[in-house]
Amino acid sequence: ETQSSYQNLKLLNSEKLDVALVVKPDSLSGLDFYTLGQFEDIFVATDTYLENLRLRTGYSSQKEFEKELFENANFLLLDKENVTRLYVDDYCKKNNIEIKHILEVNNMDLLIELSKIGIGVGCVMKEFVKKELLDNIITQIPLTKPFKKRTVGFAYKNNTSSSIAVNNFINFIKEHQSPLIK
């Protein structure tokens with residue numbers, strides 16, 4: 001099933017899932033975690049969306065751009081319970097940023113598609129939109145203070161009741177993994 005890290009961790013802790021691909025949580029209480037790699041959160045939008053924003057607000061410098069962006073752009077973010085959204089909210093709080101206009105969605109794929117059609121500024125994982133960035137479908141928005149990279153991997157219960165299938169799966173991944181995310 002495809003769902004947020006938050007939902008997967010909840011299901012792992014209630015023993016309704018055996019293993020889940022998740023963003024590494026702050027606390028791994030009762031869980032083991034096998035790291036697959038790191039990823040970077042970025043803001044993206046179409047060039048047309050950014051040009052329309054520039055025409056409406058008249059910004060000229062990078063500092064003015066960021067101020068106008070957060071005050072006037074439509075931001076496409078994951079829902080408030082999502083681990084990525086919590087991370088974005090924490091980033092904004094630490095950097096004294098208040099996003100005024102937010103459209104919440106519940107999965108990254110939808111967020112990417114809405115960004116590509118010019119609905120607003122999406123916060124996405126750079127590794128998920130490499131092709132769109134290379135093809136100039138969307139543009140990464142430069143930030144004075146970029147997001148720190150985060151870790152993704154498999155989480156699973158660390159008790160002795162882990163099934164043989166889970167142990168075999170994790171061992172298989174460890175032996176055969178090529179870097180998924182660098």
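The values are calculated or read from the model by the stated rules, or taken from the named source; none is laboratory data. Since we're looking at a predicted model, the values are computed, not measured. Positions of Cβ are generated from backbone atoms using ideal geometry, with glycine treated the same way; all protein chains shown enter the neighbour counts. In case anyone asks, the SASA skips ligands and DNA or RNA and just uses the protein heavy atoms, side chains included. Shrake-Rupley method; radii C 1.70, N 1.55, O 1.52, S 1.80 Å.
Among [x] 75, 45, 33; [y] 61, 31, 25; [z] 47, 35, 29, find the value of Cα extents along the principal axes in Å that was calculated from the structure presented, and write down its label.
For Cα extents along the principal axes in Å, the calculated option is [y].
Take the residue pairs 10/145; 10/149; 67/116; 16/148; 16/100; 94/174 and return only those whose Cα atoms are more than 29 Å apart. Display every interim value, and only then the final one.
On the way: 10/145 31 Å; 10/149 23 Å; 67/116 23 Å; 16/148 31 Å; 16/100 37 Å; 94/174 36 Å.
Flagged as over cut-off: 10/145; 16/148; 16/100; 94/174.
What residues have an amide H closer than 5 Å to that of residue 101, excluding those fewer than 5 places away on the same chain, when H is modeled at 1.01 Å from N in the peptide plane?
75
If R0 is 35 Å, what FRET efficiency do you get for residue 16 and residue 63 from their C-beta distance, rounded to 0.05? Let's see the in-between values first.
Details: r = 48 Å, r/R0 = 1.36.
My answer for the efficiency is 0.15.
Could you give the DSSP H helices of the chain that reach 20 angstrom or more along their long axis (alpha carbon positions) and whose average Kyte-Doolittle hydropathy is no lower than 1.0? Mind showing how you got there, number by number?
Working: long enough: none.
None clear 20 Å together with a mean of 1.0.
Determine ³J(HN,Hα), in whole Hz, for all residues of region 119-133 in sequence, where each value follows from phi through the Karplus function 6.51 cos²θ - 1.76 cosθ + 1.60 and θ = phi - 60°; x replaces Gly and Pro.
Going residue by residue, I get 6, x, 9, x, 9, 10, 7, 3, 5, 8, 10, 4, 5, 5, 5 Hz, with x marking Gly and Pro.
Using per-residue counts of other Cβ atoms within 10 Å, averaged over each peptide, order 130-139, 75-84 from highest down. Walk me through the numbers on the way to the answer.
Values: 130-139: 13.5, 75-84: 19.1.
In descending order of packing, they fall as 75-84, 130-139.
For region 13-101, what % of the accessible area comes from carbon and sulfur atoms, probe 1.4 Å? Display every interim value, and only then the final one.
Numbers: 2200 of 4930 Å².
Heavy-atom surface of region 13-101 belonging to carbon and sulfur, 1.4 Å probe: 45 percent.
Divide by every residue of the chain the summed helix terms, -39500 (n - 2.57) for each DSSP H run of at least 4, and state the resulting mean residue ellipticity at 222 nm, rounded to the nearest 500 deg cm²/dmol.
Values: 7 runs with 70 residues, N = 182.
Helices in the chain give a 222 nm mean residue ellipticity of -11500 deg cm²/dmol.
Sort 176, 101 by accessible area with a 1.4 Å probe, largest first.
Details: 176 115, 101 80 Å².
So, going from the largest accessible area down, we get 176, 101.
Ordering 99, 141, 117 by accessible area with a probe of 1.4 Å, largest first, what comes out? Show your work: numbers first, answer last.
Details: 99 25, 141 5, 117 120 Å².
From most exposed to least exposed: 117, 99, 141.
Modelling each spin label as a point 7 Å along the Cα-to-Cβ direction, I'd like the residue 109/residue 38 distance in nm, to one decimal.
So the label points at residue 109 and residue 38 sit 2.9 nm apart.
Tell me, what is the percent relative contact order of the chain, built from C-alpha pairs under 8 Å that lie six or more residues apart? Don't jump to the answer; show the numbers that get you there.
Details: 268 pairs, mean separation 74.4, N = 182.
Answer for the chain is 41 percent.
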